[in-house]
Protein chains: 2
Amino acid sequence: MAYSVTPYKVSGDVDYQKLIKEFGLKPIDKGILNRLIKFTKESHYMLRREIFIAHRDLNKVLDEYEKGNPFFLYTGRGPSGATHLGHLIPWIFTKWLYDKFKVDFWFQITDDEKFLFNKGLSLEQANQFAHENALDLIALGFRPGSTKIIIDSEAAGTMYPLAIKVAKRVTFSIVKSVFGFQNETNIGSIFYTSMQAVPAFLPSVLKGRPMPCLIPHGIDQDPHFRVTRDILPKLGYLKPASIQNSFFPSLTDSNKMSASLPETAIFTTDSPEQVKKKIQNALTGGQDTLAKQKQMGGNPAVCKVFKYYYFLFEQSDVQLNKRMESCKQGKLMCGDCKKELINRINSFLSNHQKKREEARKLLPKYLFKR
Amino acid sequence: MAYSVTPYKVSGDVDYQKLIKEFGLKPIDKGILNRLIKFTKESHYMLRREIFIAHRDLNKVLDEYEKGNPFFLYTGRGPSGATHLGHLIPWIFTKWLYDKFKVDFWFQITDDEKFLFNKGLSLEQANQFAHENALDLIALGFRPGSTKIIIDSEAAGTMYPLAIKVAKRVTFSIVKSVFGFQNETNIGSIFYTSMQAVPAFLPSVLKGRPMPCLIPHGIDQDPHFRVTRDILPKLGYLKPASIQNSFFPSLTDSNKMSASLPETAIFTTDSPEQVKKKIQNALTGGQDTLAKQKQMGGNPAVCKVFKYYYFLFEQSDVQLNKRMESCKQGKLMCGDCKKELINRINSFLSNHQKKREEARKLLPKYLFKR
């Protein structure tokens, strides 16, 4: 089946193994898994389950870390709407790295990008989403001081002079081939990748020495960081390393979740009733009738409810396997499985929403200021 | 003879009448001249002599001024080197408008542009030139408070969020056709015209209402302001009006003066000895021998020394005509004419350089801060 993955559109049924080859990424293999366990004393389920599926130069940043030269973490968010559970995947994983390696973390919120690429979105709206999205990050437990949130339109005084140093070395030909831009693309969008490059070397600029950088991110963002990796060494900085996650599934079809289609995703601000309704309507691998399901079993491989357990709501492999087997054997009915998931999501969100509100008054402590 | 005028290259013998038509400008005619005299009670030699040769919508800003809605002035400088006398032409004329109309003045220094378009120039060098060039502006007598100097790399915190609002409405096709950009043009240069648009509406943003803007500038900058004029009404601001000057002549050939060829121009920081040497080597319309000159007279039409009197150093039309006639009649020898010019330039520069040094401590009062 045809698919397409760019930072600006993901469609079709993504063949990740093919995509890894196309993008020139390295798969997360046993070697790198074991090395991470050596450092963290823990096997993270997102690595074991190939939710994080690929990387660039992860070994190099670990080499440097071993030599006493710690990396900093960098990831981000394009604020085109409310935060959904899919957005949390790389942030939760980043939080794990942040805690285990005890390193600094830069979180970029690209309100300029979302304004430039979304016809109907004003910069003021994108900036408002930026502030709302930041609360979801803080709610995950990142600490001020070691966490810097950098909102492009607010940090442009620092970012633009650095971005043009990248931009001077990137031609239209390059962004045309990397992002598929056309002559009708606006000149802000054409320039934009330079802004996304900045957090990968801003800490080096501030510290006055080249620092290793590790970027956990959704695989669709890789084209930006390919450009960043090409340019930074020419400016005297290190190529950032990266680790890519696959897409959190939509509740309704095979595409990535989308903030523009509310029924495809659970948002962090959804009410218990909204969660209930969305999960009840989710696509499953169940049979047409209860009798048939008891007889033939369900198909977890195509079930969105099962994917939700897999990605976030059942972190024990033993329990996850039990659930899968029960389903296949016709012992676990979709209604019960959904009910349990609704409980788990609502329990997660109840806690998250409380911390999210507490984050409002804390936000200024996290915002980057020169 | 072939010529080419873009913001990035001026070459050949410019046919201004043809250029005015090509660019779609209006010539400075008797009507607009008389109207300006009505307001200013003065006929400025740069208008009479067609040093300022064309405009866009000058009548409209005067209409608004009459209704009690004053315009602000905006011009700028691309800091790729030291300031030469040619740069002062639009600034001196702007100073006259500033004094006569008692309006605010915004002066943009585009260190980002010069960095992006000049391969060998670092942003730090361009920024250093920006600070030096600003001294030349202040030396002309502009007052703090009503004069804001805005250096792009330093004011990007305010400018970038406004520039992207312009950029979202400008495609690569447009800048390709307006500036002649290619696929190999860097993405910072492609974006840049958005930054040059900002001072044309920044005062409106700050005041919270659309304000008329008048831009005196070298005619080569018109392509930028064509783009600006197209976009600003779409953002709810007024089309800026403009008035264009022709190029101050090179001392050595028919092209525009150039900061990259020191022998073609007098710089504001030149010593009396440097001025003497440059003027003595200037191209004149004199004959091969003194005897021949006495007999046949000189040709002021091709004489660079005469052009210097015409553009800046003889503001009395009566005296300028006398000088021209004396030359044509073989009464005025090139040596004497050059000697007088050297005196006038050095007298001007001696005063300018004093004020320029005094400006160093005043600069912070002029720099734009949000």
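Figure legend. Inter-residue proximity from the range B:103-128: first residues free of Cβ contacts under 8 Å to residues at least 40 places away in the same chain, second residues small (Gly, Ala, Ser) and open to solvent by 10 Å² or more (accessible area, probe 1.4 Å), beta-carbon distance below 6 Å, spacing 6+ or different chains. Indicated pairs: B:Lys114/B:Gly78; B:Lys114/B:Ser80; B:Asn118/B:Ser80. Filtering the range B:296-348 to residues that are closer than 20 Å to B:Phe247 by Cα and among the aliphatic types (A, V, I, L, M) leaves B:Ala301, B:Val302, B:Val305, B:Leu312, B:Leu320, B:Leu341, B:Ile345. Applying the set (1) more than 24 Å from B:Leu85 (Cβ to Cβ); (2) in contact with a helix residue (DSSP H, G or I) (Cβ under 6 Å, 6 or more places away or on another chain); (3) open to solvent by less than 10 Å² (accessible area, probe 1.4 Å) to B:His224 leaves exactly one unmet item: (1).
From the list B:Phe117, B:Phe101, B:Phe105, which residue is modelled with pLDDT of 95 or more, within 14 Å of chain A (Cβ to nearest Cβ) and either more than 20 Å from B:Leu25 (Cβ to Cβ) or more than 19 Å from the chain's Cα centre (by Cα) (or both)?
Numbers: B:Phe101 fails: within 14 Å of chain A (Cβ to nearest Cβ); B:Phe105 fails: within 14 Å of chain A (Cβ to nearest Cβ).
Checking each option against the conditions leaves just B:Phe117.
The rows are residues; the columns are (1) under 25 Å from A:Phe306 (Cα atoms); (2) open to solvent by 20 Å² or more (accessible area, probe 1.4 Å).
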{"position": "A:Val5", "(1), (2)": "yes, no"}
{"position": "A:Gln17", "(1), (2)": "yes, yes"}
{"position": "A:Tyr45", "(1), (2)": "yes, no"}
{"position": "A:Phe72", "(1), (2)": "no, no"}
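Determine, yes or no, whether A:Lys67 is free of Cβ contacts under 8 Å to residues at least 60 places away in the same chain and among the basic types (Lys, Arg). Walk me through how you get there before you give the answer.
Numbers: free of Cβ contacts under 8 Å to residues at least 60 places away in the same chain: yes; among the basic types (Lys, Arg): yes.
So A:Lys67 passes the test.
Modelled with pLDDT of 95 or more, over 24 Å from A:Leu238 (Cα atoms) and facing chain B (nearest Cβ under 7 Å) - does that describe any residue in the range A:122-133? Reasoning before the result, please.
From the range A:122-133, those modelled with pLDDT of 95 or more are A:122-133; that's our starting set.
Now restrict to residues that are over 24 Å from A:Leu238 (Cα atoms): A:122-133.
Still in the running and facing chain B (nearest Cβ under 7 Å): A:123.
Yes, the range A:122-133 contains a residue that is modelled with pLDDT of 95 or more, over 24 Å from A:Leu238 (Cα atoms) and facing chain B (nearest Cβ under 7 Å).
With respect to the conditions (1) within 11 Å of chain B (Cβ to nearest Cβ); (2) in a strand (DSSP E or B), A:Ile215 lacks only one, and its number is (1).
Output the number of residues of the range A:11-67 satisfying the condition of being in contact with a Gly (Cβ under 9 Å, 6 or more places away or on another chain) and closer than 12 Å to A:Ile219 by Cβ. Reasoning before the result, please.
We begin by selecting, within the range A:11-67, every residue in contact with a Gly (Cβ under 9 Å, 6 or more places away or on another chain); these are A:56, A:59.
If we keep only those that are closer than 12 Å to A:Ile219 by Cβ too, we end up with A:56.
Qualifying residue count for the region: 1.
Could we say that A:Phe23 is open to solvent by less than 50 Å² (accessible area, probe 1.4 Å) and touching a Pro at 6+ places or on another chain (Cβ under 6 Å) here? Criteria not met by A:Phe23.
Go through the range A:257-351 and tell me which helices (runs of 4 or more DSSP H), entirely inside it, have 2 or more residues that are over 24 Å from the mean Cα position of the chain (by Cα) and in contact (Cβ under 8 Å) with a residue 40 or more places away in the chain. If you could, list the steps in order and put the result at the bottom.
Numbers: elements: A:272-280, A:290-296, A:304-308, A:317-328.
Ranges flagged: A:272-280, A:290-296.
As a summary of the residue check, B:Pro161 satisfies the conditions (1) surrounded by fewer than 18 Cβ atoms within 10 Å (Cβ to Cβ); (2) without any contact (Cβ under 8 Å) to a residue 24 or more places away in the chain except for the one numbered (1). Among residues that are among the acidic types (Asp, Glu) and part of a loop (DSSP other than H, G, I, E, B), B:Asp222 is not included.
Rundown of residues vs (1) modelled with pLDDT of 95 or more; (2) touching a strand residue (DSSP E or B) at 6+ places or on another chain (Cβ under 6 Å); (3) surrounded by 13 or more Cβ atoms within 10 Å (Cβ to Cβ); (4) among the hydrophobic types (A, V, I, L, M, F, W, C), yes/no style:
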position	(1), (2), (3), (4)
B:Tyr308	yes, no, yes, no
B:Glu325	yes, no, yes, no
B:Asp336	yes, no, no, no
B:Leu341	yes, no, yes, yes
B:Gln353	yes, no, yes, no
B:Phe368	yes, yes, yes, yes
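The set of residues in the range A:147-198 that are touching a strand residue (DSSP E or B) at 6+ places or on another chain (Cβ under 9 Å), more than 27 Å from A:Pro212 (Cα to Cα) and more than 7 Å from every other protein chain (Cβ to nearest Cβ) comprises A:Gly180, A:Gln182.
The values are calculated or read from the model by the stated rules, or taken from the named source; none is laboratory data. Predicted model only: the values in this text are computed from it and were never measured. Don't worry about glycine lacking a Cβ; one is built from the backbone with ideal geometry, like all the others, and counts go over all protein chains shown. When the accessible area is computed, the model is the full protein with side chains, heavy atoms only, and any ligands, DNA or RNA have been set aside. Shrake-Rupley method; radii C 1.70, N 1.55, O 1.52, S 1.80 Å.
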